[in-house]
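One structure below.
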Amino acid sequence: LLRLIAFLAPDAIPFEMLEQGAEHVQKAAELFCEEVGTTADGKRIREAVADLAGYSLITRQDGGMIVVHRMVQEALRSQVPEERRRDWHQGALRIVNDAAVGDPADVRTWPVWDRLRPHVAAVIARANEVGIVEPTSSLMNNLGQLLNTKALYSEAEPLLRRALVIVEASFGSEHPKAAKALSNLAELLWATNRLGEAEPLVRRAPDIDEASFGKDHPKVAIDLNNLATLLQTTNRLEEAEPLLRR
């Protein structure tokens, strides 16, 4: 458990995230036992956390949070064999991804997202370095959406741009994931008054979704509405009207 935590951010960790990700914690325990040639002790996560706190390897905080010292994390990560690093990155990534639920653009999800935000940022950065595509690109998009909605544009933009690059390289430029990534980046460009940059992205999304889901799908309607709104904003009402009628 402690080694897995070492691949999260050096910030307070929600205990419930570890319990929700019990399956991934178990896999990490098996991986560690395989590395050192021993067997798992079968302890529950709550018992393991209590033991670690007893040895002062972690600190408990109010609100169900636990903290591991940055130096402890760095020491534990340095002990992982090079050929096993991807596995540990994957485990931490999956735990965070399972906990990061809800629409990050919806303020009602922010109590969850704000607690997870440093860990999402940490795991996607490391997963990106070792070439893990999913759920890295999805988490990048979601974190970018959160930051964009909070008007933290300079933090959001590189994430949204990188997510688009990963999606197009991994799934193709005509994949529905590409349409979502395009729309998210266009939203940020729109919010920062770069309509000229946003427009070609907004124009691509309806074509991608129509080819994937059909012309009468709700996703296509949303894409068309976005394009029509942009055209209205730039005073091209005659172009916007047929899109709104569709």
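Tabulated results
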quantity	calculated
Residue tally, condition over 16 Å from Asn141 (Cβ atoms) and assigned to a helix (DSSP H, G or I), over the stretch 205-221	9
Residue within the stretch 50-61 that is in contact (Cβ under 8 Å) with a residue 24 or more places away in the chain, under 21 Å from Ala121 (Cα atoms), out of contact with any strand residue (DSSP E or B) (no Cβ under 7 Å at 6 or more places or on another chain) and open to solvent by less than 60 Å² (accessible area, probe 1.4 Å) present	no
Ala28 touching an Asp or Glu at 6+ places or on another chain (Cβ under 9 Å), more than 18 Å from Val120 (Cα to Cα) and surrounded by 12 or more Cβ atoms within 10 Å (Cβ to Cβ)	yes
Scope the stretch 168-189; condition under 20 Å from Ala151 (Cα atoms) and either charged (D, E, K, R) or open to solvent by 70 Å² or more (accessible area, probe 1.4 Å) (or both); matching residues	Lys180, Glu187
Residue match in the stretch 153-166 (condition: open to solvent by 30 Å² or more (accessible area, probe 1.4 Å) and hydroxyl-bearing (Ser, Thr, Tyr))	yes
Test result for Asp87, over 16 Å from Ile13 (Cα atoms) and open to solvent by 50 Å² or more (accessible area, probe 1.4 Å)	yes
Condition met for Gly21 (under 27 Å from Ala156 (Cα atoms), at pLDDT below 90 and surrounded by 13 or more Cβ atoms within 10 Å (Cβ to Cβ))	yes
Pairs where the first residue, in the stretch 109-127, is under 15 Å from Ala156 (Cβ atoms) and in contact (Cβ under 8 Å) with a residue 40 or more places away in the chain and the second is surrounded by 17 or more Cβ atoms within 10 Å (Cβ to Cβ) and basic (Lys, Arg), C-beta under 8 Å, 6+ apart	none
Residue, most open to solvent (accessible area, probe 1.4 Å), within the stretch 200-227, restricted to residues that are farther than 16 Å from Gly172 by Cα and among the small types (Gly, Ala, Ser)	Ala221
Qualifying residues in the stretch 121-152 (those that are of a type in the set (D, E, K, R) and part of a helix (DSSP H, G or I)) - the one surrounded by the most Cβ atoms within 10 Å (Cβ to Cβ)	Arg126
Qualifying residue in the stretch 107-120 (condition: open to solvent by 20 Å² or more (accessible area, probe 1.4 Å) and of a type in the set (Phe, Trp, Tyr))	yes
Which numbered condition Gly37 misses (of (1) in contact with a Ser or Thr (Cβ under 9 Å, 6 or more places away or on another chain); (2) exposed (fewer than 14 other Cβ atoms within 10 Å of the Cβ); (3) at pLDDT below 90)	(1)
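The values are calculated or read from the model by the stated rules, or taken from the named source; none is laboratory data. Keep in mind that this is a model prediction, so the values were computed, not measured. When we count neighbours, we look across all protein chains shown, and the Cβ atoms used for this are built from the backbone with ideal geometry, even at glycine. Please note that ligands, DNA and RNA were not included when accessible areas were found on the heavy atoms of the full protein model with its side chains. Shrake-Rupley method; radii C 1.70, N 1.55, O 1.52, S 1.80 Å.
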